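Peer 1: I'd like to ask some things about the structure below.
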Amino acid sequence: MAGEDRQDTLFVASVEKGMRVLAAFGEERTELGLRELAEAAGLDKSATQRLANTFHRLGYLDKDAVTRRYRPAVKFLELANAYLWSDGLVRAAMPKLIDLRQKIGETVNLALLDQDSIVYAARLPSARTAYAATIIGRRAPALNTSSGRAILSLRDEEERRRCVEEWPMRRYTPGTLMDRPKILELINEAAENGYSVASNELLMNEVGISAPIRREGTARAAIQCSVSGLTWDRARLVKEIVPYLIDTAHSF
């Protein structure tokens, strides 16, 4: 948390610490013992124990009676449910995603930009999709995704350059692009074409193709399709998916 936020007289530090405990859990940390939880949250063991016990009593964390390890409880889903009902873009997107999924027969996602990352807010998988690719709330660095690059393509050239220079990246596969000048080139290319393509960035043999959504004068989302790189080449993507993808993105 930035120092200026901590100086806010309305800022409640204890709530911030509690949220750090909840945010410690994720794809790579599904269950945590007290010591692990304290390390992940960046808190001392005593404070972590009090906060974890409170969340357990409130129903947000389950605690194994034998191992005494914590994991998110089903009540966690209520928080996601509240967000999905509150976001008008997500509600408006769902029927459009369903229609697109029926037309192309491939995985379709709605990706939202959150600071320097994209977060999947809606996912309609194909028959071949693995479990991990169906989970809403998954986060990835915007620069390493076709969705993030597509959204950035709607910003002016100076803003694109600044984001590429400053935003973080993460290597997921041997094919993850970590060359910042090349990423800027791809974003500029997306600005000309209206869509962005990324291959082998998050998963090997996966190709992501995205078109940005401009809504109420801003760009914070993209429609993304994932296909197999073993069966789809660039020419086929451009011919069979890009027209539907762009039409869907422009329908907002």
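Peer 1: May I ask you to list the residues in the stretch 131-161 that are among the polar types (S, T, N, Q) and under 16 Å from Ala211 (Cα atoms)? Please lay out each step first, then the result.
Peer 2: Here is the first cut: in the stretch 131-161, the ones among the polar types (S, T, N, Q) are 134, 144-147, 153.
Matches in the stretch 131-161: Asn144, Thr145, Ser146, Ser147, Ser153.
Peer 1: May I pose another question? Can you tell me which residue among Arg20, Arg71 is outside any helix (DSSP H, G or I), surrounded by 14 or more Cβ atoms within 10 Å (Cβ to Cβ) and not assigned by TED's automatic domain parsing to the domain that holds Ala121?
Peer 2: Values: Arg20 fails: outside any helix (DSSP H, G or I).
None of the other options fit; the residue is Arg71.
Peer 1: Looking at Leu143, Leu124, which one is touching a Ser or Thr at 6+ places or on another chain (Cβ under 9 Å), among the aliphatic types (A, V, I, L, M) and assigned by TED's automatic domain parsing to the domain that holds Met169? Explain how you work it out, then say what you get.
Peer 2: Working: Leu143 fails: touching a Ser or Thr at 6+ places or on another chain (Cβ under 9 Å).
On inspection, the qualifying residue turns out to be Leu124.
Peer 1: How about the stretch 74-118: which of its residues are part of a loop (DSSP other than H, G, I, E, B) and of a type in the set (A, V, I, L, M, F, W, C)? Before the answer, list the steps.
Peer 2: In the first step, residues of the stretch 74-118 are kept if they are part of a loop (DSSP other than H, G, I, E, B); the result is 74-75, 87, 105-106, 115-116.
Across the stretch 74-118, the qualifying residue is only Val74.
Peer 1: Identify all residues within the stretch 68-127 that are among the β-branched types (Val, Ile, Thr) and under 27 Å from Val227 (Cα atoms); write none if there are none.
Peer 2: Those that are among the β-branched types (Val, Ile, Thr) and under 27 Å from Val227 (Cα atoms): Val90, Ile98, Ile104, Thr107, Val108, Ile118, Val119.
Peer 1: Considering (1) under 21 Å from Arg220 (Cβ atoms); (2) touching a residue at least 12 places away in the same chain (Cβ under 8 Å), say which one Lys103 fails and leave the rest.
Peer 2: For Lys103, the exception is condition (1).
Peer 1: From Ser196, Ser210, Ser228, which residue is among the hydroxyl-bearing types (Ser, Thr, Tyr) and more than 14 Å from Ser146 (Cβ to Cβ)? Spell out the reasoning first.
Peer 2: Working: Ser196 fails: more than 14 Å from Ser146 (Cβ to Cβ); Ser210 fails: more than 14 Å from Ser146 (Cβ to Cβ).
Answer to the selection: Ser228.
Peer 1: Name the pairs whose Cβ atoms lie under 8 Å apart, with the first residue in the stretch 23-35 and free of Cβ contacts under 8 Å to residues at least 60 places away in the same chain and assigned to a strand (DSSP E or B), the second surrounded by 12 or more Cβ atoms within 10 Å (Cβ to Cβ) and not small (Gly, Ala, Ser), and 6 or more positions between them or separate chains?
Peer 2: Short answer, once both residue conditions are applied: Arg29/Glu36; Leu32/Phe25; Leu32/Arg69; Leu32/Tyr70; Leu32/Arg71.
The values are calculated or read from the model by the stated rules, or taken from the named source; none is laboratory data. Everything numeric in this text was worked out from a predicted model, so none of it was measured. Note that each Cβ is placed from the backbone with ideal geometry, even for glycine, and that neighbours are counted across all protein chains shown.
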